[in-house]
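Below you'll find the structure, written out as C-alpha cells, and then a few comments.
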Amino acid sequence: MNRLILNKIILALSTLSAVIGIGFLFWILATLSYKGITSIHWSTFTNDLVAGGIRNLLVGQFTMALMASAVAVPLGMMAGIYLREYGHGSKLASVIRNLSDVMMSAPSIVIGVFVFALFVDPFGGYNGWAGIVALAIMMIPIIISTTDNMLSLVPTELREAGMALGGSKHKIIMQIVVKAAKVGITTGVLLSFARIIGETAPLLFTSANNQFFTMDLTEQFPSLTVSIYNLATYPDLESRELAWAASFILTVIVLCINLIGRYAIRNKK
Amino acid sequence: MGKNNLVMDIKDFSFTYSGAEEPSLKKINLPVLENKITAMIGPSGCGKSTLLRAMNRIHDLYSGNKYEGLINLYKADGSKENILDLKKENDFIKLRQQVGMIFQKPTPFPMSIFDNVAYGLKLSGIKNRSELEGRVEKALQGAAIWKETKDRLKESALGLSGGQQQRLCIARAVALKPRVLLFDEPTSALDPISTGAIEELITELKEELSVVIVTHNMQQASRLSDYTAFMYLGDLAEYDKTDKIFLNPSKKLTEDYITGRFG
Ligand SMILES: Nc1ncnc2c1ncn2[C@@H]1O[C@H](COP(=O)(O)OP(=O)(O)OP(=O)(O)O)[C@@H](O)[C@H]1O
Ligand SMILES: [Mg+2]
C-alpha cells in the first residue's frame with residue numbers, strides 16, 4: 001500500500017518538474033520567436049552590421065565555423081580512430097583520452113584566453129584565424145569522443161571477419177569499421193558543429209567582431225554571436241531589435257542542424 | 001579422393017592467451033583431412049574456438065598470445081608450411097586467403113550484397129570488372145543464395161535475413177577458393193530452416209574444400225561430419241571417425257558428454 005502511494009507521489013513530482021522545465025523552455029522560445037520575428041526585415045539579411053543588418057555576421061560566423069570544422073573533423077576523427085583501433089589498452093591512449101575529456105569540459109572562455117595569448121597578442125590584434133583556432137580547439141575533443149564511442153559500438157566480429165578475408169588492419173578500419181560507424185560519426189559532427197556555431201566566449205577576444213563585410217582572416221572578423229552580445233547591451237531600440245532578430249535566426253540555425261543530425265540517426269536505425 | 005590426404009596437421013600445439021597464467025590448449029594433436037568435415041565438440045570453455053582461431057592466426061589481431069608446437073598447412077602441390085612461423089602481415093593475409101573463417105553471428109559488411117562478396121576478391125588483387133562479376137555470381141551460386149539475391153545485388157547486405165546473411169558470409173569466404181573453411185558455431189544464432197540450409201551447404205562444400213566446424217549440437221556433428229574431435233578442459237580427449245565417436249567411443253568421458261550426462 002505504502003509503496004503504491006510513494007509511487008504516485010514520485011510520479012507526480014517528476015511530472016511537475018518536467019512540466020516546469022518544458023514550460024521555461026517554451027517561454028524562452030515563445031519570447032524569442034515573438035521578439036525575433038517582429039524585428040526581422042528584408043534588410044536584416046541584405047545589409048551588413050554597419051547598415052543595421054546581419055549579412056556579414058552570418059557569412060563571418062559560418063566561415064569561421066566551417067574552417068574550424070575543416071581542421072577539427074579530420075584531426076578529431078584520426079585521433080578517435082587511433083584511440084579505439086590502435087592504442088587499445090596502451091598508456092598513451094588512456095592519457096590522450098583523459099586529456100581530451102578534460103578539454104571537452106574546459107570552460108570556453110578559458111580556451112578564448114589561451115588562444116588570445118598565443119594567436120592574438122603576438123600578432124598585434126584580433127584576427128579571424130585566432131577565432132578559427134579557438135573554435136577548432138573546442139570541437140576536436142567532441143569529435144574525438146564521438147568517433148571513439150561510435151567505433152566502440154562496431155562489433156569486434158566485423159573487424160575479425162574483415163581480417164579473416166585477407167584484409168590488412170588499416171584497410172579494414174578505413175573501409176569497413178569506419179563505414180559501419182558512419183551514421184553515428186556524421187551525427188556527432190553535425191551536433192558539434194551546431195555547438196560551435198552558437199559559441200560566443202571563444203570568439204570574444206580572438207576574432208572579436210567587425211561591422212563591415214570582410215573575408216580577410218588577418219583582420220577582426222564579423223561574428224553573429226559576438227554582435228548579439230554587443231547589440232544587447234546598447235541602449236537604442238534598433239540595436240536591441242537587431243539583437244532579437246539575430247538571436248532568433250541563430251536559434252533556428254542551431255535547431256535545424258540538430259534536427260538534421262537526429263533525423264540522420266532515425267533514418268538509419 | 002578416397003585417399004586421406006592431410007590439409008592441416010596440428011602437432012603438440014599449446015596456446016596461452018596474453019596475460020593468462022595457464023595455457024588454454026595443452027599439447028593438441030589433431031589432423032585435418034582434405035575434403036572431409038571435421039567437427040569439434042566439447043563443453044563450453046574447453047578451447048574449441050581458441051583452437052579454431054589459431055588455425056588462421058586470427059588471434060594475432062591481439063598481441064601477446066603464446067603459441068607452442070606447430071600447425072602445418074599443406075599446399076596443393078604437396079609442400080607444407082608451419083603457419084606458426086608466420087610473422088609478417090602479408091603472410092597472414094596469404095594464410096587467411098587459404099584458410100577462411102565463418103563466425104557465429106553473421107558479419108555482413110555495411111555495403112551492397114555484390115560488394116560484400118567482391119570485397120575479399122578485390123583485396124586479393126582482382127580488379128577486372130567482368131572477372132569480379134563472374135566470381136561473385138559463382139560464389140553466390142556456390143553458397144546457394146544466388147536465386148534470392150540475383151535481382152538485388154546492389155542492395156545493402158544488411159537487409160537480408162540472418163540465415164541469408166550467414167550464407168552471404170559463406171559465399172564471401174568461398175569466393176577466395178580457400179583450401180580450408182573454419183566455422184565457429186555457424187548456426188547457433190539461426191532458426192531451424194536456415195540451419196538446415198547451411199548444413200546442406202556445408203556438406204556440398206566439402207567437394208571443393210575441407211571444413212572444420214565447432215558445434216554444440218550433437219545431432220549436427222553426427223549428421224555433418226566425417227571426423228569428430230572431442231575436447232575437454234584444453235585437451236583433445238578423443239579424435240576418431242564420427243561414427244566411432246558417437247556409436248562406440250573409447251573413453252568414458254566422451255560417452256558421458258555425447259549422451260548428455262554433462263556439458
Ligand atoms: N581473450 C581471452 N583471453 C583470455 N582467456 C580467454 C580468452 N578467450 C577465451 N579464453 C579462455 O580460454 C578458454 C577456452 O575458451 P574458448 O572460447 O576457446 O572455449 P570454447 O570451447 O569455444 O567455448 P564455447 O563453447 O563457450 O564457445 C576458456 O577458459 C576461456 O576462459
Ligand atoms: Mg567458442
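The values are calculated or read from the model by the stated rules, or taken from the named source; none is laboratory data. What you see is a predicted model; the values in this text were computed from it and never measured. Methodologically, a virtual Cβ is constructed for each residue, glycine included, from the backbone with ideal geometry; neighbour enumeration extends over all protein chains shown. The area values use the complete protein model at the heavy-atom level, side chains included, leaving out ligands, DNA and RNA. Shrake-Rupley method; radii C 1.70, N 1.55, O 1.52, S 1.80 Å.
Details
- Residue in region B:59-67 that is open to solvent by less than 20 Å² (accessible area, probe 1.4 Å), out of contact with any Asp or Glu (no Cβ under 8 Å at 6 or more places or on another chain) and more than 16 Å from ligand 2 (Cβ to nearest atom) present: no
- Taking region A:228-242 as the range and being open to solvent by 50 Å² or more (accessible area, probe 1.4 Å) and touching a helix residue (DSSP H, G or I) at 6+ places or on another chain (Cβ under 6 Å) as the test, the residues that pass are A:ALA232, A:GLU241.
- The criterion of at least 2 residues that are of a type in the set (Gly, Ala, Ser) is met by the following helices (runs of 4 or more DSSP H) wholly inside region A:175-269: A:182-197, A:224-233, A:237-268.
- Residue within region B:229-236 that is hydrophobic (A, V, I, L, M, F, W, C), closer than 22 Å to B:GLY120 by Cα, crowded, with 16+ Cβ neighbours inside 10 Å and under 15 Å from the mean Cα position of the chain (by Cα) present: no
- Of the strands (runs of 3 or more DSSP E) that lie entirely inside region B:131-242, those containing 1 or more residues that are more than 14 Å from chain A (Cβ to nearest Cβ) and within 16 Å of ligand 1 (Cβ to nearest atom) span B:210-214, B:227-232, B:235-241.
- Taking region A:198-220 as the range and being aromatic (Phe, Trp, Tyr) and closer than 15 Å to A:VAL120 by Cα as the test, only A:PHE205 passes.
Quick grid of which residues meet (1) assigned to a helix (DSSP H, G or I); (2) surrounded by fewer than 21 Cβ atoms within 10 Å (Cβ to Cβ); (3) at negative phi:
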position	(1), (2), (3)
A:TYR82	yes, yes, yes
A:GLY89	no, yes, no
A:VAL95	yes, yes, yes
A:VAL115	yes, no, yes
A:PRO122	no, yes, yes
A:TYR126	no, no, yes
A:ALA130	yes, no, yes
A:VAL133	yes, no, yes
A:ILE140	yes, no, yes
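- Among the residues making up region A:39-49, those that are in a helix (DSSP H, G or I) and either touching a residue at least 40 places away in the same chain (Cβ under 8 Å) or surrounded by 14 or more Cβ atoms within 10 Å (Cβ to Cβ) (or both) are A:SER39, A:THR44, A:LEU49.
- Scanning region A:97-113 for residues that are small (Gly, Ala, Ser) and open to solvent by 70 Å² or more (accessible area, probe 1.4 Å) yields one hit, A:SER105.
- Total residues in region B:68-79 satisfying the condition of being crowded, with 19+ Cβ neighbours inside 10 Å and either more than 18 Å from the chain's Cα centre (by Cα) or within 14 Å of ligand 1 (Cβ to nearest atom) (or both): the figure is 0.
- Every listed requirement among (1) open to solvent by less than 70 Å² (accessible area, probe 1.4 Å); (2) part of a helix (DSSP H, G or I); (3) of a type in the set (A, V, I, L, M, F, W, C) is met by A:MET78 save one, (1).
- Residues in region B:27-58 that are open to solvent by less than 40 Å² (accessible area, probe 1.4 Å) and part of a loop (DSSP other than H, G, I, E, B) were compared, and the one that is farthest from ligand 1 (Cβ to nearest atom) is B:ASN35.
- The conditions of being crowded, with 18+ Cβ neighbours inside 10 Å and modelled with pLDDT under 95 are not met by B:GLY125.
- Criterion applied to B:SER250, B:SER225 was being surrounded by fewer than 21 Cβ atoms within 10 Å (Cβ to Cβ) and not basic (Lys, Arg), and the one residue passing it is B:SER250.
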